[in-house]
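Read the structure below first, then the notes.
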Amino acid sequence: MSDESILFTYIAPFVGVLVVAVGIGAAVPGGYAIIQEDITTCDSPTVAVEGPEETTERFNESRPRTLPTLYYENLSEAEQTAFDEALADPIGEARVTGDFPNGDTIRNGSIIVYEGEEHYATVVAENPCFVAPELQFPLGVFAIIFGVIGILSPPIYRKLVELEERANVE
Amino acid sequence: MMNRAVIEGSALAVLALSILTIWFRARYKARPASDGGYLTREELQFELGRLQDEALRWLTTTNHREIGILYIAFGTIAALWGGMDAMMLRTELLTPPADIWTPETYNALFTTHGLTMLIFFVLPVFFGIGNYFLPLLIGADDMAFPRVNAIGFWLLPPALLMARFGLIVQIGGQVLSIFLPDDQIMFFLSLREVSVGWTLYAPLSVVQPNPQIDLLLLGLHLSGIATTVGAINFIATVIYERADGVTWGNLDIFSWNMLVTSSIALFAFPLLGSALVMLLLDRNLGTTFFATEGGGPVLWQHLFWFWGHPEVYILFLPATGLMSLILPKFVGRKLFGYQFIVYSTLGLAVMSFGVWAHHMFTSGVDPRLKASFMAISIAIAVPSAIKVFNWLTTMWDGDIKLSAPFILCAGGIGTFIIGGVTGVFLAVIPIDILYHGTYYVVGHFHLIVVGIIPMLMIASSYYWYPILTGRWYDRRLAKFQSGLLIVGAFVTFMILLVIGGMGLPRRQAIYPPEYQLAQQMATVGSYVIGLSAVMWLYNMLVSYWRGDVVQSTDPWNLKATNQFTREWQWFEERMVEKYDMEPAQPETTRRSYAPELEPMGLLGGVGSVAQNVYRNASMAAVAGFIGTFLMTGGIGTAIVIGVLDPASFAEISELVGLGTSAIIGAALFLAGGTIIWPLLFLSFQEFLPGRRMFETGLVFATLVATGFSVAFYTDQQGLAFVGYLTFVFVAHWAYGLGLAVTFQFLRSRRTDMGA
Ligand code: HEM
Ligand SMILES: [Cu+2]
């Protein structure tokens, strides 16, 4: 034990692991923030739409008077698409990508009348875009690399000791 | 919002590929080098044929040791999959809003994470360890029913695939949707991972249309059958296959625990099976067992937790068995209070069926009933406390060997105490009502499931590695990995306990911003756990080919303390048979280097320091140049990403009176790094702390970097400041190391030539 450097056998790799862990935490979301525009549709909220039976069941007799009613025909194109998709979806949810003029109304829950039937609709997730400082990604990547070197320091240390040993042989 | 299925699929694929690469590389390197190193066609064919034979052997084996390894491999894969879910959960929690995954994805993640870990990771691994070692421990030739054993295992892979089919189908759908229109692949677009929570509470689990729920229920049912079959086999083996001389009074504790665990499973799992079938019927055939107007959702909760609580004991009893088996070996003392431990285990088994309603304190169960459940739930802590007491007493005054298995045992006891005590609090009704929906619960039970359970699994993998492979694992890495796991688990889940205590609700992708720092720390802790798991895996795989060969039939020196138990006796017999080894205990000598302790003069102490500096000036200049070159990489990167202002170099040139030119400044900088600093270093290095030159080099670089960071500071703030500091220090360390190492390298060449 005493012939080994505690610093380079245990402490340095430990710090290395911590640095890598922090680096992953910074680099993964940081990198995501950079590419999310290209690979995702963030800032487009998810709406959940219930079928007519569920809607009746939900409000049997106790329908709040303030619940606003919208008509399918008056929705924006994006809203209509999302509504159709949600009806076809097994979980009853879809994303509104585009104009969302009735957003504030639907956010608090509202009835949408479609082909004479009532559907309860509400926003269930806002799906905001992820924001991260620009430096987060490069610093995170750097931390990962640096940490890995730390983790590898025990074998590196042994190599270096070997080298010095050889240098001191006369 | 990222596409979760594709991301998780690719991450898992990368993981699998790296594992395979590591395995084959280690294997390839371990082989004696052949002629030219080229793979001829015959060789390739031979290799393929061999692979085929191997595959057939593993698919049809009924040998308990091979099935044990299959179980362990399967459980490890499930752990990696469920662990990937966990990492993704924790990544989402880095920020308060749901901006990395959608809330629905988050729900799916914690559902599948919980189920994969609980059902497909823990018990399969313990069944694997049991399969391999229980027959050896009780002196049996094999399990009682070897073929049933194989069937029991082979039910598991399809069960896991069914339970996680949603992910596979989602990825399939993504790929297909590139080529085909949506309406032709409707099936692939309609399945997705279940998101109703691992407890599958009705009525949500009944009304949600996602067809993957049905597949999940079938998969769970299948795994339940596998568990029952395995349990029957263990019970029959322990009762009927013991060798002469193994009695109930000296049966080892691990086998006792496998017996008790199997009995609990035998009573609990069939019940889960029926409940699952009822849920399937409700979903598909219009029965109303759990419908609000029929039997009611609370019925589901009763049935579920009547299995669910015993399941908790099924999961951790084998871990306590391993603890009782392994711990004494590393403290050189016999287990204290064998009888108490056996009785407390039996007591736990019976009581575990009488406490299920403590998971339902917040539902409409009669208060009088609840009070009695509370009483038993508090009482059930007593047997566990007895175990802890016995372990501590075993350790007391022992001759402790600080090896990886012991470190893990100690960590396991620690997490078990905290996880257990926080659980007793939850058994108290008013406390549970406050905390059952918070992270307190998550922290509490993860201290068990990421504490004593995996810690003892890993401890046993190290402890028995010589038997499994005939080689040693990398012991330094193992110790390091063990410490890392303990630190990671404590940091992550203690934080969850605290923020839960402050009232943060669990199962939510979105949380109030004031918890962000705590959540981030917990996430970093969880990455540490993940890294330590990867290190364990690496150690297991690579040491299989390249670990030191075990030279003794008693690698842990157990004969000295009279603890040379049956599995080692079996090992000894085999080593004697196969390799003609001496059964005695050859002196084990550990190879290690012995560096010189006295500080060294530069050229072996000849001449004064100044003379040496003079003689070595040219080497120093080369070394300095290389160091500076390395450093420029760091400084350059810092400039590119914008945390260091290149204009500050102009100040150097201004300082020496050559005007404010950044170019001249940089040239001066280079010259300094090549000539002045190395000379300073060589003159002072004997006075700097550190035994070796590269250590002093690092110290020297740290000193210089401190000065540099002050001199070149241009008012960076926040992250930019952090980046500035790290780059400055790292660049200087690169300089210091490059300088010292190059210098020594040159010297070693010179001495080589001189010698
Ligand atoms: C690296 C290790 C692990 C980490 C970082 C981790 C993390 C998490 C997280 C973040 C959650 C979701 C919490 C919430 O939002 O409420 C969770 C839930 C859960 N975990 Fe783990 N986990 C780990 C290992 C395990 C293991 C080994 C098991 C079981 C053997 C397990 C069983 C569960 C269960 C059952 C849940 C669901 C809890 C609920 O329904 O509220 N976890 N885990
Ligand atoms: Cu319980």
ask   = Just from the alpha-carbon atoms, what are the Rg and Dmax of the protein assembly as shown in angstroms?
value = 31.8, 103
message = Using only the Cα atoms of the range B:617-751, what are the Rg and Dmax in Å?
response = 15.0, 49
task = Take the Cα coordinates of the range A:1-134, assign each an equal point scatterer, and use the Debye formula without solvent to give log10 I(q)/I(0) at q = 0.14, 0.21, 0.22 Å⁻¹.
result = -0.72, -1.16, -1.23
note = Of the candidates B:264, A:64, B:84, the farthest towards the positive dipole end of the protein assembly as shown (Lys/Arg Cβ +1, Asp/Glu Cβ -1, centred on the Cα centre) is B:264
ask   = Binning every alpha carbon pair distance of the range B:680-724 at 5 Å from zero, what are the percents per bin?
value = 5, 20, 23, 15, 12, 11, 10, 3
task = Any chance you could check the Cα centroid distance between the range B:56-80 and the range B:379-402 for me, in angstrom?
result = 33 Å
request  = Tabulate in residue order the Karplus-calculated ³J(HN,Hα) for the range B:664-670, using 6.51 cos²θ - 1.76 cosθ + 1.60 with θ = phi - 60°, rounded to whole Hz; enter x for Gly and Pro.
outcome  = 4, x, 5, 4, 4, 4, 5
request  = Would you mind working out the magnitude of the charge dipole of the range B:206-343 relative to its Cα centre, with +1 at each Lys and Arg C-beta and -1 at each Asp and Glu C-beta, to the nearest 20 Debye?
outcome  = 500 debye
message = Tell me the accessible surface of residue A:131 in square angstrom (1.4 angstrom probe, heavy atoms of protein chains only), to the nearest ten.
response = 120 Å²
key: Label-to-label distance, nm, for residues given as residue B:560 and residue A:107 (7 Å Cα→Cβ offset)   = 7.1 nm
ask   = For the range B:344-459, what percent of Cα pairs sit more than 23 Å apart?
value = 37 percent
request  = Based on a Kirkwood Rh over C-alpha pairs, give the Stokes-Einstein translational diffusion coefficient of the range A:105-158 at 20 °C and viscosity 1.002 mPa s in µm²/s.
outcome  = 132 µm²/s
message = Run the numbers for residue B:434 and residue B:175: contour at 0.36 nm per residue of separation, minus the present Cα-Cα distance, in nm.
response = 88.7 nm
ask   = Once amide H atoms are built 1.01 Å from N in the peptide plane, which residues 5 or more positions from residue B:552, or in another chain, come under 5 Å H to H?
value = none
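Which FRET efficiency value, to the nearest 0.05, do you get for residue B:393 and residue B:363 by plugging their Cβ-Cβ distance into 1/(1 + (r/R0)^6) with R0 = 41 Å?
With a Förster radius of 41 Å, E is 0.50.
Give the dimensionless ratio obtained when the Cα radius of gyration of the range B:444-586 is divided by 2.2 N^0.38 Å.
1.42
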task = Go through the range A:1-109 and name the GluC sites (Glu not before Pro) that are in a DSSP coil and have 12 or fewer other Cβ atoms within 10 Å of their Cβ.
result = A:61
ask   = With a ≥ b ≥ c the root eigenvalues of the C-alpha gyration tensor of chain B, is it rounded (a/c under 1.5), prolate (a/b larger than b/c) or oblate?
value = prolate
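Taking only DSSP H segments of four or more residues, each worth -39500 (n - 2.57), what value at 222 nm results for chain A once the sum is divided by all its residues, to the nearest 500 deg cm²/dmol?
Roughly -16000 deg cm²/dmol at 222 nm, from the helical runs in chain A.
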ask   = Whose amide H sits under 5 Å from the amide H of residue B:242, counting only residues 5 or more places off or on another chain, with H placed in the peptide plane?
value = none
message = Quick check: from the Cα gyration tensor, does the range B:295-348 come out rounded (a/c under 1.5), prolate or oblate?
response = prolate
message = Using just the Cα positions, wrap the range B:90-164 in a convex hull and report its mean projected area in square nanometres, one decimal place.
response = 6.6 nm²
task = Beyond 24 Å, what share of the Cα-Cα pairs of the range B:275-382 is found? Please give it as a whole percent.
result = 44 percent
ask   = Isolated Cys in the protein assembly as shown by the 4.7 Å beta carbon test?
value = B:409
message = My understanding is that a pair violates if its Cα-Cα distance is over 19 Å; which of B:29/B:578; B:329/B:401; B:401/B:559; B:387/B:559 do that in this structure?
response = B:29/B:578; B:387/B:559
inquiry  = Using alpha carbons only, how many angstrom separate the centre of the range B:636-670 from the centre of the range B:1-21?
reply    = 44 Å
key: Cut-off 19 Å (backbone N to label point 7 Å along Cα→Cβ of residue B:281), residues of the range B:303-334   = B:303-307
inquiry  = Using 0.36 nm times the number of residues separating residue A:53 and residue A:6, minus their current alpha carbon distance, what extension gain do you get?
reply    = 10.0 nm
key: Paramagnetic reach from residue A:72 (point 7 Å along Cα→Cβ, amide N under 13 Å) across the range A:98-137   = A:112-120
query = Given just the C-alpha atoms of the range B:707-746, how large is their convex hull per residue in cubic angstrom?
reply = 50 Å³
query = How are the Cα pair distances of the range B:102-245 distributed, in percent, across 10 Å bins from 0?
reply = 11, 32, 25, 17, 10, 3, 0
remark   = On each of the three principal axes the extent of the alpha-carbon atoms of the range B:16-118, given in whole Å and largest first, is 60, 36, 20
query = What chymotrypsin sites (Phe, Trp or Tyr not before Pro) in the range B:694-745 are in a loop by DSSP, with at most 16 other Cβ atoms within 10 Å of the Cβ?
reply = B:713
ask   = For residue B:29 and residue B:749, what is the calculated FRET efficiency with R₀ set at 22 Å and r taken between the beta-carbons, to the nearest 0.05?
value = 0.20
message = Could you work out how much longer the chain between residue B:521 and residue B:494 gets when fully extended? Use 0.36 nm per residue separation minus the Cα distance between them, nm to one decimal.
response = 8.7 nm
note = With R₀ set to 56 angstrom, the calculated FRET efficiency between the beta-carbons of residue A:134 and residue B:334, to the nearest 0.05, is 0.35
query = How large is ³J(HN,Hα) for each residue in the range A:20-32, as worked out from phi by the Karplus curve 6.51 cos²θ - 1.76 cosθ + 1.60 (θ = phi - 60°), to whole Hz, x for Gly and Pro?
reply = 4, 4, 4, x, 4, x, 8, 6, 5, x, x, x, 4
remark   = Residue-normalised 222 nm signal for chain B, counting each DSSP H run of n ≥ 4 as -39,500 (n - 2.57), nearest 500 deg cm²/dmol, is -23500 deg cm²/dmol
key: Calculated diffusion of the range B:211-338, Stokes-Einstein form, Kirkwood radius summed over Cα pairs, 10 °C and 1.306 mPa s, µm²/s   = 94 µm²/s
inquiry  = Give me, ordered by chain and number, the residues 5 or more places off residue B:690 or on other chains with an amide H under 5 Å from its own placed amide H.
reply    = none
ask   = Which semi-axes, in whole Å and largest first, does the equivalent ellipsoid of the range B:418-467 have when worked out from the alpha carbon gyration tensor as the square roots of 5 times its eigenvalues?
value = 32, 9, 5
ask   = If the label point is 7 Å along Cα→Cβ of residue A:117, which residues in the range A:43-59 have backbone nitrogen under 20 Å from it?
value = A:47-59
Accessible surface, 1.4 Å probe, highest first, among residues B:692, B:57, B:476, B:368 = B:368, B:57, B:476, B:692
query = Taking N as the number of residues in the range A:64-169, what is its alpha-carbon radius of gyration divided by 2.2 N^0.38 Å?
reply = 2.24
Vicinal HN-Hα couplings computed from phi for the range B:428-434 (Karplus, 6.51 cos²θ - 1.76 cosθ + 1.60; Hz; Gly/Pro x) = 8, 3, x, 5, 4, 4, 6
request  = Run the dipole for the protein assembly as shown about the Cα centre, Lys and Arg Cβ at +1, Asp and Glu Cβ at -1, nothing else charged, and hand back the magnitude in debye, nearest 20.
outcome  = 3320 debye
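The values are calculated or read from the model by the stated rules, or taken from the named source; none is laboratory data. Bear in mind the structure is a predicted one, so any value in this text is a computation, not a measurement. Here the Cβ is made from the backbone with ideal geometry for all residues, glycine too, and neighbour counts use every protein chain on show. Just so you know, the surface numbers come from the protein's heavy atoms only, side chains and all, with ligands and any DNA or RNA stripped out. Shrake-Rupley method; radii C 1.70, N 1.55, O 1.52, S 1.80 Å.
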